[in-house]
């Protein structure tokens, strides 16, 4: 398969850092130190900026993807988990696990503009491809919450099963997939009807899910537990909705991202401090890359990797004004 250009960004939660990997070489480009409790991150739609959450400081942090400079910070709720952006890049949404809310950020203004109550312990969330909806997995419940992006209000809670952790849309936006950590399963809901249309058994302790951009497969990272780690990724065929391959990765497979060409998947192994690179053609691991401690969230930028980058960069993360947070 052809090489891809771009960078993979990995949130090292216990390392308080972000590892940046060159996708063309599968080598570490640099480590960005200074993000306390970096749980998750997301590349902006234009690839030029990266948003990361600091669980320790309750912040959303915007970084320049080329210069690695901090552009600014926005306060969130307590225990922020995941962050996503709308396709036009104008809004960001942050799930706040401890507060049972989602913070809405106006990207141009760099300010929080709404706080939306959702279900118990919101964790993974994604924006629909048309930018109209945000689906939120409520990890200490049995529901997905649905947010109307135009109004920034919750419009529904959908019953799906035990402990949903993350969601992923099909590229056409017609189907939403989700991991059910309490059932060792992947489920799916028809977006038009809001109806549950199936579950399939995957590995132990599934966490993140990602649909290939060509809509052939859904990848599910099976983390297991710290006492009994899982080491696999389940590959589910979209057409038949069945597991067609189980790939051995590293200890505690957690995060998943796939390059835009659907050639390669990148898996963060939270108990092994590595990223596994899966060739989706051969459905096998072709590289293992070291990261910081407890790699968690992972995201892909298609822009070329910057040249002549220091091996480590210390970020200067300013404090945020917590006084102007909107009330739920």
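The values are calculated or read from the model by the stated rules, or taken from the named source; none is laboratory data. Since this is a predicted model, take the numbers as computed values, not measurements. Cβ atoms come from the backbone with ideal geometry, glycine included; neighbour counts cover every protein chain shown.
For the residues 151, 208, the requirement of being at pLDDT 95 or above and part of a strand (DSSP E or B) singles out 208. Restricted to region 59-71, and to residues there that are closer than 17 Å to residue 105 by Cα and without any contact (Cβ under 8 Å) to a residue 60 or more places away in the chain, the residue that is surrounded by the fewest Cβ atoms within 10 Å (Cβ to Cβ) is 71. Every listed requirement among (1) over 25 Å from residue 22 (Cβ atoms); (2) assigned to a strand (DSSP E or B) is met by residue 182 save one, (2). Residues in region 189-211 that are over 14 Å from residue 253 (Cα atoms), touching a strand residue (DSSP E or B) at 6+ places or on another chain (Cβ under 7 Å) and surrounded by fewer than 22 Cβ atoms within 10 Å (Cβ to Cβ): 10 in all.
Hey, any hits in region 106-113 for a residue that's part of a strand (DSSP E or B) and within 24 Å of residue 210 (Cβ to Cβ)? Checking region 106-113: not a single residue is part of a strand (DSSP E or B) and within 24 Å of residue 210 (Cβ to Cβ).
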